[in-house]
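Each remark here refers to the structure printed beneath this line.
Derivation of every value follows stated rules applied to the coordinates shown; laboratory data play no part. All figures in this text were calculated on a predicted structure; none of them were measured in a lab. Because the Cβ atoms are built from the backbone with ideal geometry, glycine has one as well, and the counts that use them run over all protein chains shown.
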Amino acid sequence: MPNMLAEGVRWFDDWFAVREVAPGIHAIGEPRFHQINWNYLVIGGQRALLFDTGPGVRDILQVVKALTTLPVTAMPSHMHFDHTGNITRFPDVALADLPVLRAFERDGLMQEPGNLFLGHYEGMKWTPFRVSQWWPPGHIIDLGGRRLEVIHTPGHAPDHVALWDAEANVLLAADFLYLGALYAQVPGSDLAQYEAGCDVLLRRLDAGSRIFGAHGMPDAEGRHDAPQLARPDLEALRDTLEKLRNSGETPSRVEVNERMYLLIGPHAYEAWQRAK
Ligand SMILES: [Zn+2]
């Protein structure tokens, strides 16, 4: 069998691959899943945070337990099925405190959030779960000696958040930025918000910042690694969106740079068109 993993990435079992991308930040990949999800475990001095729980095809909690003995909070970047699978395995779940999510909380349980889940794409079922913490945009998650800022970054999805570790100079961008096809064709995608989100993130980043996304892509040799991007990739996305807005055109696909392109649904153009 050819080695599917890049140097520095190791198999946890026959499904999950792990790489420590920065001290205490572990990327947990699922290269055999067709969406090639990468989830991130951030370990502080007192607590740990799992950012995204994957599609739930296999049990990611076993990987987390092998990497830390600290109490773990699970926080999905957004409610899409490939970021919230198996979330019911985690007793402590935090969600971004956004009206668009609060609307689906009943009796302390998070119910299926309509068009924000999309599990019907792949036959995935929603199981309601208890939300123990609601963290508003701007909230600083304190893991003990490690702090993460919750940044609301709609564009791909209205409930999407990114996490920013200023000290490590690492942005966990989830589905806002990764390698390959960026999705602005799913329900709730909005190019005006995508463009605004680029500016919000760019204000925090410098030339040395590292960005990790939630979907990977094998290299030319077919090897998988945690999808790492940098400030120029985010600048390219912002410039592409600005050019597209000024052009008035509404293509369904646009190249961003040699690493990324955008798939765009007609609804994603609506906010721009209303603003005209
Ligand atoms: Zn998504």
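Here the Karplus curve 6.51 cos²θ - 1.76 cosθ + 1.60, taken at θ = phi - 60°, turns the phi angles of segment 11-27 into couplings of 6, 8, 8, 8, 10, 8, 10, 10, 9, 7, 7, 8, x, x, 10, 9, 7 Hz, with x standing for Gly and Pro.
Under a model in which nothing but the beta-carbon of Lys, Arg (+1) and Asp, Glu (-1) is charged, segment 10-275 shows a dipole of about 380 debye around its Cα centre.
Please give the FRET efficiency for Glu112 paired with Val57, using the beta carbon to beta carbon distance and R0 = 30 Å, rounded to the nearest 0.05.
0.95
Our note on the geometry: Cα centres of segment 1-22 and segment 55-81, 17 Å apart.
In this rough spin-label picture, where each label sits 7 Å from Cα along the Cβ direction, the Ile140-Glu221 distance is 4.2 nm.
Within the same chain, lysines fewer than 8 places from Lys65 are excluded, and of the rest, those with a Cα less than 28 Å from its Cα are Lys125. For segment 262-273, putting each phi into the Karplus relation 6.51 cos²θ - 1.76 cosθ + 1.60 with θ = phi - 60° gives couplings of 10, 9, 10, x, x, 5, 5, 8, 4, 5, 5, 5 Hz, in residue order, rounded to whole numbers and with x for Gly and Pro. For segment 175-180, backbone phi angles converted through the Karplus equation (6.51, -1.76, 1.60; θ = phi - 60°) give residue-by-residue couplings of 8, 6, 8, 7, 8, x Hz, Gly and Pro being listed as x. Take the Cβ-Cβ distance between Phe12 and Tyr121 as r, set R0 to 35 Å, and report the resulting FRET efficiency rounded to the nearest 0.05. FRET efficiency, Phe12 to Tyr121: 0.85.
The lysines whose alpha-carbon is closer than 29 Å to the alpha-carbon of Lys243, local same-chain residues fewer than 8 away aside, are Lys276. Amide H contacts of Ala96 (H built 1.01 Å from N, in plane; Pro and chain starts excluded): Trp135 sit under 5 Å, all sequence-distant by 5 or more or on other chains.
Place the peptides 92-101, 136-145 in order of packing, highest mean first, counting for every residue the other Cβ atoms within 10 Å and averaging per peptide.
On the way: 92-101: 18.8, 136-145: 13.7.
Result, highest mean first: 92-101, 136-145.
Dividing the summed helix terms, -39500 (n - 2.57) for each DSSP H run of n ≥ 4, by the number of residues in the chain produces a 222 nm estimate of -5000 deg cm²/dmol to the nearest 500.
Near the amide H of Ala166, within less than 5 Å, lie the amide hydrogens of Glu149, all on another chain or at least 5 residues away, with H placed in the peptide plane.
Amide H contacts under 5 Å for Leu182: Tyr261, Leu262, Leu263, restricted to partners 5 or more places along the chain or on a different chain, H placed in the peptide plane at 1.01 Å from N.
Is the C-alpha gyration tensor of segment 3-148 telling us rounded, prolate or oblate? Criteria: a/c under 1.5 is rounded; beyond that, a/b larger than b/c is prolate, otherwise oblate.
Because a/c hits 1.5 or more and a/b fails to exceed b/c, segment 3-148 counts as oblate.
Please go through segment 146-218 and write out the trypsin sites (Lys or Arg not before Pro) that DSSP classes as loop and that have at most 15 other C-beta atoms within 10 Å.
On the way: sites: Arg146, Arg147, Arg203, Arg204, Arg210; in loops: Arg146, Arg203, Arg204.
Sites meeting the loop and neighbour criteria: Arg203, Arg204.
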